[in-house]
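The values are calculated or read from the model by the stated rules, or taken from the named source; none is laboratory data. As the structure is a computational prediction, the values presented were derived from the model and not from experiment. Ideal geometry is used to build each Cβ from the backbone, glycine not excepted, and the neighbour counts take in all protein chains shown.
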Amino acid sequence: MSIKTYDTIIIGAGWSGSVAAKQLTAKGHSVLVLEARDRIGGRARTYVNGNDKVDLGCSWIHGYKEGNPARGIAKELGVDAHLPKSFEGVIYGPEGPLSSEQAASLRSSLSSAQAAFKLPHPAPPSSASLASALFADSSPLFKSSATPSSDAANTNVSSTSPANPSEGAPSSKAGYDKALAEGLARTLEVPLGLKLEKASLKWAGWESTTSFAGSDAAPDGGYQDLVKKVLDSSRAEVKLSQKVTGIKQSEDGATIKVVTSQGEFEGKTIISTIPLGVLKTLPEGFFQPALPPKFTETIAGTHVGILEKLLLQYDEAWWPNASTTGSYTFLPIGPTPTENSSIEEIFNGSSLITANFNAPSLPNPSPTLLTYLSETPAKLLLVKPKEEVLKGFHQFLVKRLGVKANGGENRVVSEPKAGELTDWLKDEYSYGATTTPSIVSQGDERSPMDFKELGRPVWNGKLGFAGEHTEMEHRGSVAGAVVSGLREAERVNRLLNLLKE
Ligand SMILES: Cc1cc2nc3c(=O)[nH]c(=O)nc-3n(C[C@H](O)[C@H](O)[C@H](O)COP(=O)(O)OP(=O)(O)OC[C@H]3O[C@@H](n4cnc5c(N)ncnc54)[C@H](O)[C@@H]3O)c2cc1C
C-alpha cells in the first residue's frame, strides 16, 4: 500500500516546529508534525492550578519592545502580553536582608565586572573561564566604592525574570564584602545555565550584543497555550505521542522516511527540531546516511545547560513585603554543597533567586513563590525525593525570610498547598534546559559558530534543523526557536518550489 508523501515532515511541536508548520502551510505545502509527547509546546509548559497559571519552562518574551518576533505572533493570535512594572528585589545575606545601599553596591560591582569582562580584548585563551576573571583579586567585583543614594539603590529590581541580576545597577558603588559579592555573582549561573567555571571568558557577553534583551513580557494564559494556538492556526496535520526513532533517505534521494514508535511516514523534506540534549543521545544509525563528522562533533561538544524551577503555592502570602517586593535573592549561608549534602545544606550553600508572584505588577497576583535553580543545586536536589525537596524549601524560606514558625511578627505561616519541581535535565525529550553560551575549550574548538553548524541543512538541503540550538544570535531562547522556525520554513519553501519546477 502506498503511503502519502508530505511536502515536509516536521519533528517536534515546540516553538520552532509550530512556527515552521504555520509558515509552510500558509505557502500551500502539505505538512505533518510528529511530536513525541502527548502535548504541544515542548519546553513551553504551563502549570495550572485553578486560576493560577505558572510557566515551568519559558516564561518571558525577552526583548518584547526590542523586536522579539514572538510579540507579533502573540498579537496576531489575539494573545496579550503583560509587561510587569519593576518592583524592588531584596537580597538576603547571612544576617537577613541587606540594606538598599549595600545591595546597590553589590549589584554595581557585579555590573562593573560584567562590563569589564565583556568580550575582553585582546582575546584570552579559549581555556580561560569567566570565573577566573570574575573572582580574580583585581576583579571590579571586589572593588570598594562610594555609597550610592538610596533612591538609586531602590531602582534595581526586578521583575520576576532572572535575566541579569546586575541590570539597572546605579553607577556609584559602596561596600565591600567578598563573600557576598561572590554569592551574587553566582546568580549569573541561573540565566547562563552553567557554572561560571565552565563559561568561556573569550566569548563572555557575546550574545548580549545580538540577542533580544531589555524589556520582558509574559504572555497572558501562559506560554504553552500560545504555542498551541500557533500550531492550531496552521493547516498542518499533527500527530502526538509519535517518538521518532529514525530518519532515512531513499536511495534516489527523492523521499525521506521517518520511523516513529507508531508507524512510518514519508516526506520530500524534513525539518528536525529535536533539542540538542536529545540529539546527543540518538543511537548510531538514527540518521541514514549519517550526519557529517563535523556535525556530530559539534553535537557532542556544544553544551546544554541546566535550569530548573521550584514552585510553592500557599493559601495566603506570609512572606515580608509580599505586595511590594518583586523577588528575593538568597546568598549562601553555608559551604558549597556536595553530593553528600542534606537538602537543607544544599539550599543554605546556594545562591537562589525567588520570584514573588504576589507582586501586584503581575496580571493575576497569587500567593506563589517560584525559585530558579542553577546547575549546582538543581543537580543535587533532583536526586532527592521531590516531596522532601518541597518541604525542605518551605522550611528554608521560613528561616531565611525571618518569619517565626509560631507566627512571630503577627504572621501565620501556612504550609504550602501545592508545589512542583521541574526535571528538564532527565526529561527524555529535552535532556536539559537550553543550550548555554560557549564553554571553555582547550584549542578554540568551541565558539558561537557551533550554533550555525547545528543549523546547517544536509542531504542537499532536504533535511534541515531548527530549534533554539540552531540560532547563533538568539540561542537558548524563544526568540531563537521562533527565528529558526521562520528561517527553515523559508529555506524549505524555496527548495520545494524548485523541486516542483
Ligand atoms: C526552565 C526554563 C526556562 C526558560 N525561560 C525562558 C524565558 O523566560 N524566555 C525565553 O525566551 N526562553 C526561555 N527558555 C528557553 C525556551 O523555552 C526554549 O528556547 C524554547 O522553548 C525551545 O523551543 P524549541 O522549539 O527549540 O524546542 P522544544 O520546545 O524543546 O521543542 C522540541 C520538540 O521536539 C520534541 N521531540 C524531542 N525528541 C523527539 C523525538 N525523538 N520525536 C518526536 N519529537 C521529539 C519535544 O518533545 C519537543 O516538543 C526557558 C527554558 C527552560 C527549560
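Just for strands (runs of 3 or more DSSP E) wholly inside region 1-117: which have at least 2 residues that are within 30 Å of residue 214 (Cα to Cα)?
Numbers: elements: 5-11, 31-34, 46-49, 52-55, 88-93.
Once the strands (runs of 3 or more DSSP E) in region 1-117 are filtered for at least 2 residues that are within 30 Å of residue 214 (Cα to Cα), what remains is 46-49, 52-55, 88-93.
Among the residues of region 228-245, which ones are outside any loop (DSSP other than H, G, I, E, B), closer than 23 Å to residue 57 by Cα and within 10 Å of the ligand (Cβ to nearest atom)?
Selection gives 239, 244.
Go through region 316-346 residue by residue and tally those that are at pLDDT 95 or above, assigned to a loop (DSSP other than H, G, I, E, B) and surrounded by fewer than 16 Cβ atoms within 10 Å (Cβ to Cβ).
7
So, of the residues in region 367-380 that are assigned to a helix (DSSP H, G or I) and in contact (Cβ under 8 Å) with a residue 60 or more places away in the chain, which turns out to be farthest from residue 353 (Cα to Cα)? Break it down into steps so the answer makes sense when it comes.
Here is the first cut: in region 367-380, the ones assigned to a helix (DSSP H, G or I) are 375-380.
So of that shortlist, the ones also in contact (Cβ under 8 Å) with a residue 60 or more places away in the chain come out as 375-376, 378-379.
Details: 375: 13, 376: 14, 378: 13, 379: 16 Å.
Ranking the candidates gives 379 first.
Please state which one of 45, 39 is within 13 Å of the ligand (Cβ to nearest atom), closer than 24 Å to residue 10 by Cβ and surrounded by fewer than 16 Cβ atoms within 10 Å (Cβ to Cβ). Reasoning before the result, please.
Working: 45 fails: surrounded by fewer than 16 Cβ atoms within 10 Å (Cβ to Cβ).
It is 39.
For region 429-447, which positions are within 30 Å of residue 216 (Cβ to Cβ) and either small (Gly, Ala, Ser) or within 16 Å of the ligand (Cβ to nearest atom) (or both)? Walk me through it before giving the result.
Going residue by residue through region 429-447, those that are within 30 Å of residue 216 (Cβ to Cβ) are 429-440, 446-447.
Correct list: 429, 430, 431, 432, 433, 434, 435, 436, 437, 438, 447.
Filtering region 449-501 down to residues that are within 14 Å of residue 272 (Cβ to Cβ) and among the β-branched types (Val, Ile, Thr), which residue is farthest from the ligand (Cβ to nearest atom)?
First, pick out the residues of region 449-501 that are within 14 Å of residue 272 (Cβ to Cβ): 454-459, 461-470, 481, 484-485, 487-489, 491-492.
Still in the running and among the β-branched types (Val, Ile, Thr): 458, 470, 492.
Numbers: 458: 17, 470: 8, 492: 16 Å.
For region 449-501, the residue satisfying everything is 458.
Quick check on my filter: what residues within region 173-227 are assigned by TED's automatic domain parsing to the domain that holds residue 101, part of a helix (DSSP H, G or I) and of a type in the set (S, T, N, Q)?
Across region 173-227, the qualifying residues are 208, 209.
Does residue 354 count as touching a Phe, Trp or Tyr at 6+ places or on another chain (Cβ under 6 Å), modelled with pLDDT of 95 or more and over 26 Å from residue 436 (Cα atoms)? Don't jump to the end; show me each part of the working.
Values: touching a Phe, Trp or Tyr at 6+ places or on another chain (Cβ under 6 Å): yes; modelled with pLDDT of 95 or more: yes; over 26 Å from residue 436 (Cα atoms): no.
Judged against the criteria, residue 354 is not a match.
Within region 409-448, track down each residue that is within 20 Å of the chain's Cα centre (by Cα) and free of Cβ contacts under 8 Å to residues at least 60 places away in the same chain.
Scanning region 409-448 gives 426, 427.
Of the numbered conditions (1) at pLDDT below 95; (2) not assigned by TED's automatic domain parsing to the domain that holds residue 272, residue 67 satisfies every one except a single condition; which is it?
Only one criterion is unmet by residue 67, namely (2).
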